[in-house]
Amino acid sequence: MDHARRTLLSATLGTLAVLVAFTAPLANLNQTAAGLDAGASGRTWILSSMSIGLGAFLLTAGRVADDFGRRRTFVAGAGVLAVGSVFAAIAPDVLVFVLARVLQGVGGAAVIAAGLAMLATAFPGVPERARATGLWGASVGAGIAVGPILSTWLGRWHSWRDVYVVVAAAGVGLALTATRCPESRASHGARLDVPGVVLLAGGTSALLAGLTEGREGWTRPLVLVLLAAGVLLLAAFVTVERRSDHAMIDLTLFRRPAFAAVTAAALATGAGIIALLSFVSGFAGVALGLAPTTTAWLMLAWSGPSVVSAVISRRLPHHWTGRARMGGALVVIAVGQLMLWGVDVGSGPGRFVPGLLLAGVATGVLNAALGRESVASVPPAQAGLGSGANNTARYLGSAIGVTIVSVVAAPSGAATSATLVDGWNHVALVTAGVSLLGALVVLLVGERRATAVPAEIRSPQEADAA
């Protein structure tokens, strides 16, 4: 196996493993909560804790990968993912399990950010990179499909803990495989922005923790303190980055139309379709009485088409720009979400399939475009940073979107079938609106002239165009 193929295998399987870990609790939440003796707050943290590790460390992992070695960061991340999965498998209570899930998120952040950066280096040509990022986008959908199905099957066969044993084994295998991939890093000297790392991790963690706790009541002192701390720490992060001579992220990148557009698309993806799908399993099980196996397979109606369309997206007309693909895909996703509106208490699983199929096809195209544009929108030496920033936007968007969904779905805390169905229909409209707004921002931001971008941060393509 040549180095490029090994890199492709490591990056795609690594992303798949992280998404399997991320979605594993969705289908067997009741079984997991019972095994850990978790209450209502514990159930919320079971679902949300891995997002904190991902959101807090994706950007940092991307910068570390660029400066200190992408393969090295990937291998370390796979090891941390394995360790976190072992602790999740043996966790005696909710606290240990939640901490293990956060650790899984930290390791997963390194795997995703470094893996996509490794692909960008291994496949520098446009056609080859389009194929590689298409497969990477397919691995995102495949992981979301496999996670709930695998956890449901293992839970019915033996225990809800078994899926974490599988992820741990996958992490070890990924680390061993990736050690034989070529190393790459930026040519400039490495100097870690320690204040930036601390402020970003602390601010993001506090903000996500506040959003998680807030679902149980927004006026509690703990929630207010966490949200305020998150905002203040992130504001301090921006101030420090503006003044630093070795900033973790050059904030002027947001003046680059391509970078701003792909970041907006990732944010809308998380706050739109991913937030809606995070609610599907719980809603269909409680409000419609569908079995966990049925809800797990229902997710496949969305993720299955996304895998196929991500792989074949490279065959789309070459004159369709990344901006057009992302904006168009978000519009089609919104149409699919609108098709999920109008559910009633007598609806069966077939009622969801057409909308999920359409949204899934568009999501695959979007995932492939996000993978390609996130590394193409930054200077070549910052591929890890581009990957980390884009995936940070996706998971922050997901955390915000899930919070909005939880509030809109049951604003008074009621959980009868009728109120949940009514909440679902409101949620479908809200998340469709988020997807449409994201499409509008992507198309408008991408229209800005490249000549407005400072010469020192233009890509070669932008420099030629200017």
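The values are calculated or read from the model by the stated rules, or taken from the named source; none is laboratory data. Note that the structure is a prediction, hence the values are computed from the model and not measured. Reconstructed Cβ throughout: ideal geometry from the backbone, glycine too, with neighbour counts over all protein chains shown. Surface accessibility is based on the protein's heavy atoms, side chains included, excluding ligands, DNA and RNA. Shrake-Rupley method; radii C 1.70, N 1.55, O 1.52, S 1.80 Å.
For segment 145-187, the candidate set comprises residues that are aromatic (Phe, Trp, Tyr), part of a helix (DSSP H, G or I) and closer than 22 Å to Ser278 by Cβ; within that set, the residue that is most open to solvent (accessible area, probe 1.4 Å) is Trp153. Checked against (1) open to solvent by less than 40 Å² (accessible area, probe 1.4 Å); (2) over 16 Å from Gly107 (Cβ atoms); (3) aromatic (Phe, Trp, Tyr), Trp45 passes all but a single condition, namely (1). Taking Val421, is it modelled with pLDDT under 90, more than 26 Å from Val231 (Cβ to Cβ) and either small (Gly, Ala, Ser) or in a helix (DSSP H, G or I) (or both)? Yes, satisfied. Between Gly342, Gly371, the distinction of being open to solvent by less than 50 Å² (accessible area, probe 1.4 Å) and in a helix (DSSP H, G or I) belongs to Gly371 only. Taking segment 130-140 as the search range and keeping residues that are open to solvent by less than 50 Å² (accessible area, probe 1.4 Å) and touching a Lys or Arg at 6+ places or on another chain (Cβ under 7 Å), which one is nearest to Ser303 (Cα to Cα)? In this case the residue turns out to be Gly134.
The lone criterion from (1) in a helix (DSSP H, G or I); (2) open to solvent by less than 50 Å² (accessible area, probe 1.4 Å); (3) among the hydrophobic types (A, V, I, L, M, F, W, C); (4) modelled with pLDDT under 85 left unmet by Val106 is number (4).
If you go through segment 110-129 and keep only what is buried (at least 24 other Cβ atoms within 10 Å of the Cβ) and aliphatic (A, V, I, L, M), you end up with Ala110, Val111, Ile112, Ala113, Ala114, Leu116, Ala117, Met118, Leu119, Ala120.
With the condition kept exactly as written, say whether any residue in segment 114-135 is of a type in the set (Val, Ile, Thr), farther than 24 Å from Ala381 by Cβ and part of a helix (DSSP H, G or I). Within segment 114-135, not a single residue is of a type in the set (Val, Ile, Thr), farther than 24 Å from Ala381 by Cβ and part of a helix (DSSP H, G or I). Scanning segment 280-299 for residues that are touching a Gly at 6+ places or on another chain (Cβ under 9 Å), open to solvent by 30 Å² or more (accessible area, probe 1.4 Å) and in a helix (DSSP H, G or I) yields Pro292, Thr294. The residues in segment 188-234 that are in a helix (DSSP H, G or I) and either closer than 30 Å to Arg43 by Cβ or open to solvent by 80 Å² or more (accessible area, probe 1.4 Å) (or both) can be counted, and the count is 31.
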